[in-house]
Amino acid sequence: MERTLVLDCIKKIGENVKIEGFIQIKRDHGKITFLDVSDRSGLIQVVVGGGSGKDLRPQDAVSLIGKVNKRPPNLVNPKLATGEIEIYTEKVEVLSKAAELPFDMGGKDLTLQLPTLLDYRSLTLRYPKVKAIFKVQAALMEGFRKAAKELDCIEIFVPTIAASATEGGAEVFKVDYYGHKAFMTQSPQLYKQMLVPVFERVFTIAHAYRAEPSVTTRHLSELTQLDCEFGFVDFNDLLDLLEHVAVEMLKFTETISQDLLKEYAIEPIAFGKIPRLTLREAQEIIFKEFGRDNRKEKDLAPQDEIDICKRTKEKNKTDFVTITHFPTKAKPFYTMPDPKDPEYSLSYDLLFRGVEILSGSQRINSYEQLLESIQTRGMDTRDFEMYLQAFKYGMPPEGGFSFGLERLTMHVLNLANIREASLYPRDMERVDIRLGK
Ligand code: AMO
């Protein structure tokens, strides 16, 4: 008999079907055993008669043939898509037996501490509410891809081993590359820029590596970046483009993930017109309205980001705010200084629900200016030979931006820690297994 997905059983009342999946919950009631069986389409109640369900265990992979029955009206579960039906069987074939679980996975929430959640990742990812995080993440990725393609960007795939650090700073993993020095890329930055003269508009979904020296709730050592880069654009075009992509991808995600977002009791995203503030304007607001004087700082502090977003939500009915003009010295070498005031740069961050989810800038596109920028930061232009080639032979005005996928997922779902939004998070303490255990 051919397999039926559990969701399709709704259309097969009275028929015999074969379903395959995992036992999520098992409840014994004398000779009868109730199972919640899940497959990729959803979850269904199975009633096992004849006392044959006794040896079954949660997470057993099973196959069974049974009859689809309507449930009695008082036993209908309105929260479940298959809540009006159940399957009756007297024989369950175990395709693969699960060991006894180290914790209960049958409750509404998986109330585990983060280290346990991650130590047992192969198991905890199967839990419906944990799995839902990655379905939302996939929707974000699809929404991004769709928005970027609609803007005529072509998808590119770029290396993650490179001859030079892309973002500067010390947060870079060195690689012993056949006895030579190489680095894990901190971002796809240099390659996406190099491809502007080739394709004009590009996007990529890329792994990025940051040797973050501390453990925080919003930093990973390996992250996923969603990047765009555009040629023949100015600063205002770039602000319009980044806001457009952010709104389109999140609207798309909200539409296709409605049920999952409901499970997380997430408020709808507010899409009012996005205000734009320079860093110094934002810091002035923080000083005047929240009493913290951070007006000389090179970035917003985490609490500043939270307060600016709350204020914007009240005033502008949006969950987003764009912050521009960060100090040139605090930005990577490729960032264009503002010609009107070179101390500040043509850079921007997009804040969403209290956190930076994106950053980017207009880039230096003059070869000579770029050489100077690399040298004044004490870096060696020879490490950037291939990159510089692209600028030597004609680079239009250009710029772009990058979203952090896990950061974004975390804040769409209001998760407490970014590690929950990474299938297999890497940080100072963990590469799958806990280091120093
Ligand atoms: P930036 O370094 O700001 O910019 O990174 C872009 C976005 O990536 C996310 N992010 C992180 N997420 C988790 N853990 C980390 N350690 C981490 N670091 C960054 C954030 C951030 O907004 N090349 C530039 C982008 C550009 O100019 O186009 C860059 O990488 O959400």
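Rule-based calculations on the coordinates, nothing more; no lab input. What you see is a predicted model, and the numbers here were worked out from it, not measured in a lab. Quick reminder, even Gly has a Cβ in these numbers, built from the backbone with ideal geometry, and neighbours come from all protein chains shown.
Remarks
- Selection of region 230-268 for residues being more than 23 Å from V321 (Cβ to Cβ) and within 16 Å of the ligand (Cβ to nearest atom) yields only G231.
- Of the strands (runs of 3 or more DSSP E) contained entirely in region 1-53, those carrying at least 1 residues that are of a type in the set (F, W, Y) fall at 16-29, 32-39.
- When residues of region 377-432 are limited to those that are assigned to a strand (DSSP E or B) and among the hydrophobic types (A, V, I, L, M, F, W, C), the one surrounded by the most Cβ atoms within 10 Å (Cβ to Cβ): F403
- Exactly one residue out of L242, L190, L223 is out of contact with any Phe, Trp or Tyr (no Cβ under 6 Å at 6 or more places or on another chain) and either surrounded by 15 or more Cβ atoms within 10 Å (Cβ to Cβ) or touching a residue at least 60 places away in the same chain (Cβ under 8 Å) (or both), and it is L223.
- In region 304-365, counting only strands (runs of 3 or more DSSP E) that sit wholly within it, the ones holding 2 or more residues that are closer than 18 Å to R218 by Cα span 347-352, 355-362.
- Scanning region 401-426 for residues that are closer than 23 Å to I323 by Cβ and out of contact with any helix residue (DSSP H, G or I) (no Cβ under 8 Å at 6 or more places or on another chain) yields G404, H411, N414.
- Filter pass, T160 being in contact with a Gly (Cβ under 9 Å, 6 or more places away or on another chain) and touching a residue at least 40 places away in the same chain (Cβ under 8 Å): no
- Selection of region 78-99 for residues being more than 19 Å from V62 (Cα to Cα) and either hydroxyl-bearing (S, T, Y) or surrounded by fewer than 14 Cβ atoms within 10 Å (Cβ to Cβ) (or both) yields P78, K79.
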